[in-house]
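Colleague: Here it is: the structure, laid out below.
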Amino acid sequence: MRAIADGAALHEWRAGGDGQATWQAAPGQRWCAVEIRGADGNMLALSNPIFCAASA
C-alpha cells in the first residue's frame, strides 16, 4: 500500500498486520490518495483523491 500526497509517494507499507495504516498529513498538503499493488507490482486499486482543507 502506498500513500500519495500532492503527486509524490509519501509512505509505503507491506501487506500484513491488522489491515490498518495511518499517517499524518503535512502542513499545506492539498490532496492524498492510496494505491494497492500486488506482489508482481501490478496495480490492484487506486482510491479517489481526498482533498484536504486548510485549518482556519
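Colleague: With a ≥ b ≥ c taken as the square roots of the eigenvalues of the C-alpha gyration tensor of region 1-42, please select rounded if a/c is under 1.5 and otherwise prolate if a/b is larger than b/c or oblate if it is not?
Modeller: The shape class here is oblate.
Colleague: Please compute the length gained on full extension between GLU12 and ALA33, using 0.36 nm multiplied by the number of residues separating them and subtracting their Cα-Cα distance.
Modeller: Here the segment from GLU12 to ALA33 would lengthen by 6.4 nm.
Each reported figure results from applying straightforward, stated rules to the coordinates on display, with no laboratory input. Model, not experiment: these values are computed from the prediction.
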